[in-house]
Amino acid sequence: MKRVFLAVALALLLCAPAYADVNFVNGNFDSGTLDGWTLGSQTYYGPTTYGSAGTGLTTWSPGTNGGTAVANVNPGTDPIVGIPKSYNNQAARIGDSLAWGYSGGGNIYNWISQSANVTGSTPGKLFFEWAAVLEISGHAYSQTPFFEVSIKDNTTGATIYDYKKYEQDGGFWTTDNGWKYSTGNNSSYPGWYVEELDLAALGVSVGDNLTLTALARDCTPSAHAMYVYLDGFSQAPPPPPGTVPEPSTWMLLASGLAGLTAFRMRKRG
């Protein structure tokens, strides 16, 4: 029986995928706060940036006109375009739906960032999800709202992930009554992209330091709104929304051993 146990355990461990151990604090935002993240908001985006630690915060509004730069959001439906506000449980929203950038002390650049080290025996994979929403401005390309989600390997200096879209980028947005939202790569969960990064294939090594940044910029002439939802930084694939997560390796192992035990008992009988 011991040999059977060891054989089953070894087989399951060998077939299990390698996951990264990237130590993002509160990477899925399920603490209900913005703990672990650095928040930023400014009238421009450059080397000198205004930021704040998210410790204990659920929202952050550095402007004086009521606009929200970053917020922790509960599950539900976006009130403007109807896409889900999170992929699983809670999420972060960078920016908001107000065209508030130039009135009452608001800012047009809003962002969130965090750095983390890659640990473990192999770099493995990193999973996360995001969705973007903007107000149609009709301005020239470089003046329209845009968003950017990027990950930089600070150890090597390489940008391993960078997704940036303006209002006028075709083939990406779905139009909805004066607004647009990212179409997404999950047909059953509109708006959301589920990203799977093979860190080793991207040149990342164990011990490297990574910085994630998610940025939303309102349009520059008149601050038509732009905001981004961010969710679920994890070492393992996210469960499909509304479904039960897949069994873990140890649950599979227990099931296999239970079956072997039942077979052995039947054989004895």
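The values are calculated or read from the model by the stated rules, or taken from the named source; none is laboratory data. This one's a predicted model, so the numbers in the text were calculated from it and none came from an experiment. Cβ sites come from the backbone with ideal geometry, for glycine too, and all protein chains shown count toward neighbours.
For the reader, a short list of remarks on this structure follows.
- Under the condition of being in contact with a Phe, Trp or Tyr (Cβ under 8 Å, 6 or more places away or on another chain) and assigned to a helix (DSSP H, G or I), the residues counted in region 137-178 number 2.
- Considering region 227-238, and only residues there that are hydrophobic (A, V, I, L, M, F, W, C) and at pLDDT below 95, the residue that is surrounded by the most Cβ atoms within 10 Å (Cβ to Cβ) turns out to be Phe233.
- All conditions but one from (1) crowded, with 16+ Cβ neighbours inside 10 Å; (2) more than 14 Å from the chain's Cα centre (by Cα); (3) of a type outside the set (A, V, I, L, M, F, W, C) apply to Ser121; the one that does not is (1).
- Answer residue from region 7-46, given it is within 23 Å of Asn117 (Cα to Cα) and modelled with pLDDT under 65 and is surrounded by the most Cβ atoms within 10 Å (Cβ to Cβ) among those: Ala20
- Evaluation of Thr119 against (1) of a type in the set (S, T, N, Q); (2) within 23 Å of Val81 (Cα to Cα); (3) modelled with pLDDT under 95 (one fails), failing number: (2)
- Any hit, region 207-218, residues being over 20 Å from Gly27 (Cα atoms), at pLDDT 90 or above, surrounded by 11 or more Cβ atoms within 10 Å (Cβ to Cβ) and touching a His at 6+ places or on another chain (Cβ under 9 Å): yes
- Residue count for region 184-237 satisfying the condition of being assigned to a loop (DSSP other than H, G, I, E, B), of a type in the set (Ser, Thr, Tyr) and under 26 Å from Thr122 (Cα atoms): 1.
- Scan of region 126-144 for residues that are more than 20 Å from the chain's Cα centre (by Cα) and not charged (D, E, K, R), ordered by number: Ile136, Ser137, Gly138, His139, Ala140, Tyr141, Ser142, Gln143, Thr144
- Pair list, Cβ < 6 Å and 6+ apart or interchain, from region 202-228 residues that are over 18 Å from Ala116 (Cα atoms) to residues that are among the polar types (S, T, N, Q): Ala216/Asn110; Cys219/Ser137; Cys219/Gln143; Cys219/Thr144; Thr220/Gln143; Pro221/Gln143; His224/Ser137; Ala225/Ser97
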